[in-house]
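> Here you go, one structure.
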Amino acid sequence: MTGESRSSALIVEDDRAIAELERDYLEAGGFEVEIETDGGRALARARELRNAKLCDLYIVDLMLPGADGFSICREIRTNSEKPILVVSARSSDVDKIQALGLGADDYLTKPFSPAELVARAKAHLERYARLRGGASGVIFAKDLVVDTERKAVSISGRAIQLTATEFAILVLLAASPGRVYSREEIFEHIRGEGTYGEMSTVTVHVRRLREKIEVDPSNPVRVETVWGMGYRFIG
């Protein structure tokens, strides 16, 4: 699937017309694209691509025959930080929270603009590339260690697995302890200025980050909410 200059994408969508529309726009945007219409086959294929590191981006529907999109997101997130975009007709907050909680980076509700899909896909790949080649250094905050060069996080020597988005938020906040970042500032940092997305995803990603780095996520002592303003890191 990969080429020297073209990013690769796996589309998991059981509606062939939608899958082909997504493929056409992504190919026009410079992607190499593969389609899987069955959830069971997609689950196996995602595992193969993840293990071989042969896919740069995953676009996943939720309602699929064989295996649902939640299972596929969970599988991809096993040892892979590559961007996952969910594209689904399910628009409830419960579905969005569950998908983002399983590691999806973004959620697009059908009907959608194919051009917007491509814009989001490119924005996530650019953000992922920035994270992989970001500024070097190590941030120490008591027993929490954030290695920005190795993209590694540990607490008391125990490795903590974060998604690329969670890591980006943690680095942003931890690099300037005490500074309050608004949801808008965090959103621009993880998405890139001028790109598309939903501001509500920031709240979900912060919640998931707390679940991984806080002893008691309901009473956070590292990532604090400043009501009416945003979030700040307590070093």
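> What dipole magnitude, in Debye to the nearest 20, does the chain give about its Cα centre under +1 on Lys/Arg Cβ and -1 on Asp/Glu Cβ? Numbers along the way, then the final one.
Working: 32 positive and 37 negative charges, 181 e Å.
About 880 debye.
> Further question on the same structure: Could you point to the label whose value was computed as semi-axes √(5λ) of the Cα gyration tensor in Å for the structure here, given (i) 26, 20, 19; (ii) 24, 19, 19; (iii) 31, 18, 17?
Correct label, based on the coordinates given: (iii).
> While we're looking at this one, here's another question. In the structure shown, do any of K96/K142; K82/K142; K82/K110; K53/K110; K53/K142 have a Cα-Cα gap over 25 Å, and if so which? Walk me through the numbers before you get to the answer.
Numbers: K96/K142 33 Å; K82/K142 30 Å; K82/K110 23 Å; K53/K110 29 Å; K53/K142 34 Å.
Beyond 25 Å between Cα atoms: K96/K142; K82/K142; K53/K110; K53/K142.
> In nm, give the distance between the simple-model label positions of D216 and E149, each being 7 Å from the Cα along the Cα-to-Cβ direction.
Inter-label distance under the simple model: 3.8 nm.
> I've got another one for you. Sorting V12, V153 on the 10 Å Cβ count, fewest up front, what's the list? Walk me through the intermediate numbers first.
Numbers: V12 30, V153 24.
Arranged by neighbour count, lowest to highest, V12, V153 become V153, V12.
> Would you calculate the separation in nanometres between label points at R16 and I35, each defined as 7 Å from the Cα along the Cα-to-beta-carbon direction?
Going by the 7 Å Cα→Cβ label model, 0.8 nm.
> Under a point spin-label approximation (7 Å from Cα along Cα-to-Cβ), what is the S200-E224 distance to one decimal in nm?
2.9 nm
> Give me the angle, in degrees from 0 to 90, between the Cα long axis of helix 164-174 and the longest principal axis of the Cα atoms of the chain, rounded to the nearest 10.
Between the helix axis and the principal axis of the chain, the angle is about 20 degrees.
> With springs only between Cα atoms under 10 Å, which of A168, A67, A123 fluctuates most in a Gaussian network model of the chain?
The residue with the greatest mean-square fluctuation here is A67.
> Please state the charge dipole magnitude for the stretch 7-131, taken about the Cα centre, from unit charges on C-beta atoms (+1 on K and R, -1 on D and E), reported in debye and rounded to the nearest 20.
Numbers: 17 positive and 23 negative charges, 93 e Å.
Its charge dipole is roughly 440 debye.
> Could you work out the relative contact order of the stretch 1-160? I mean the mean sequence separation of Cα pairs under 8 Å and 6+ apart, divided by the number of residues, in percent. Let's see the in-between values first.
Details: 267 pairs, mean separation 26.4, N = 160.
Result for the stretch 1-160 is 16 percent.
Read-outs: derived from the displayed coordinates by stated rules, not from any lab. This structure is a prediction, so every number in the text was calculated from the model and none was measured. Cβ coordinates were reconstructed from backbone atoms using ideal geometry, including for glycine residues, and neighbour counts include every protein chain displayed.
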